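Comments concern the structure below.
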Amino acid sequence: MKKINFFKKKLIKLSNLFPKEKFKNEVFKNDVKPLDEAKLGDLSFFDSTKYKESALKTKASYCLTLEKNTKFLPSTTKRIIVKNVLFELAKVLKKIYPSADIDYPDLTLKKPIKNKFNKVKFGNNVLLGKNVKIGRNSIVGTNSIIEQGVLIGDNCIIGSNVIIKNTMIGKNVVIQDNCKIGLKGFGFIPLKDKNFKFPHIGCVIINDEVEIASGCTIDRGSVGDTIIGKNTYLDNQVHLAHNVKIGSNCMIAGQVGFAGSSVIGNNVSIGGQAGVSGHLRIGNNVKIGGGSGVVKNIKDNEIVMGYPAVPLKDFLKKNKKEDNE
């Protein structure tokens, strides 16, 4: 799927974005991207050494960073040194994408035009935004809202009372009733008098053959995207925060929650009501027991359980010891 830019970008001079820095009066025409996605001309950000491997390889032309982290950036990247990377990033995003910090209602919503979607079936009271594209043989249930620019592939089933915005969906995807997909994530910079909302300029990408059960909430990315890999199944009431990336062939049971920017590998199984903290890396073929709290990275092929989640054999050994006491 070709990436869609759902937010209108305002052209602005680099000198207006960073008044204390010296530039050749050029207009910033590129985009803001994570370190590992940034290309020549892009602006990125680097606030934690957790991402130093990505920093060493980044192709970004400009990077917001802390003084202590500058040594990890390539010589081709201009360092813009600040005291609070995420705060400065939020202010820059607000200037470039002035409408991305609040989910404004889509005022272009209208009933589907039959001759435009003659290969799609709609329930009652469906509303579509401007430039929505829906593939052949797809079905959209009653009272669902699909906002402007959303792309839905062939043979998809969208349930009733579903809201989809800022999202790209592949083929043969099932989204059951009452899901909310592509909304702004939970992000702000806490200030004394008024918190500064963090704009979310990313989207949600749902690949082919995915099934999302009822009542799930999937936030769009803040700077990168929120992604669900092919043939992954989400049970009821699962929450994906901004920038979460889930691999292919994963099975996620009910009420599991993922905090922002965690990356989940392929063939991962997670039991009900487990929680995964933010900015973690979960390997391939991992199994996480129900009710577990994952607070650190997990390597490939591990089975973990408990809070905090530990290898299953350690969890069982601890429980057996407690039972004998």
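The values are calculated or read from the model by the stated rules, or taken from the named source; none is laboratory data. Computed from a predicted model, the values in this text were never measured in an experiment. Virtual Cβ from ideal backbone geometry, glycine too; neighbours counted across all protein chains shown.
Listing for the model above:
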| quantity | calculated |
| --- | --- |
| The stretch 139-156: number of residues that are more than 19 Å from the chain's Cα centre (by Cα) and either part of a loop (DSSP other than H, G, I, E, B) or charged (D, E, K, R) (or both) | 8 |
| Out of Ile303, Ile298, Ile246, Ile288, sole residue that is at pLDDT 95 or above and within 26 Å of Met1 (Cβ to Cβ) | Ile246 |
| Residue count, the stretch 253-282 (criterion: over 15 Å from Lys296 (Cα atoms) and touching a Phe, Trp or Tyr at 6+ places or on another chain (Cβ under 7 Å)) | 0 |
| Val174, sole failed condition from (1) among the β-branched types (Val, Ile, Thr); (2) within 30 Å of Phe46 (Cβ to Cβ); (3) surrounded by fewer than 21 Cβ atoms within 10 Å (Cβ to Cβ) | (2) |
| Unmet requirement for Glu209, which otherwise passes all of (1) surrounded by fewer than 24 Cβ atoms within 10 Å (Cβ to Cβ); (2) charged (D, E, K, R); (3) closer than 19 Å to Gly149 by Cα | (3) |
| Spans of strands (runs of 3 or more DSSP E) in the stretch 9-98 with at least 1 residues touching a Lys or Arg at 6+ places or on another chain (Cβ under 8 Å), crowded, with 20+ Cβ neighbours inside 10 Å and modelled with pLDDT of 95 or more | 43-46, 62-65 |
| Test: residue in the stretch 261-273 that is touching a residue at least 60 places away in the same chain (Cβ under 8 Å), within 26 Å of Ala90 (Cβ to Cβ), assigned to a loop (DSSP other than H, G, I, E, B) and touching a strand residue (DSSP E or B) at 6+ places or on another chain (Cβ under 9 Å) | no |
| Hey, Gly278 of a type outside the set (Ser, Thr, Tyr), in a loop (DSSP other than H, G, I, E, B) and surrounded by 15 or more Cβ atoms within 10 Å (Cβ to Cβ) or not | no |
| Gly293 being touching a Phe, Trp or Tyr at 6+ places or on another chain (Cβ under 7 Å) and surrounded by fewer than 18 Cβ atoms within 10 Å (Cβ to Cβ) | yes |
| Candidates Lys110, Lys33, Lys91 - the one that is of a type in the set (D, E, K, R) and more than 28 Å from Phe186 (Cα to Cα) | Lys110 |
| Which listed residue is of a type outside the set (D, E, K, R), within 20 Å of Ser99 (Cβ to Cβ) and free of Cβ contacts under 8 Å to residues at least 12 places away in the same chain, from Asn195, Asn166 | Asn195 |
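Condition check ((1) within 18 Å of Asp106 (Cα to Cα); (2) charged (D, E, K, R)) across all residues:
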residue	(1), (2)
Asn125	yes, no
Gly135	no, no
Asn143	yes, no
Glu147	yes, yes
Val150	yes, no
Gly153	no, no
Cys156	no, no
Ile164	yes, no
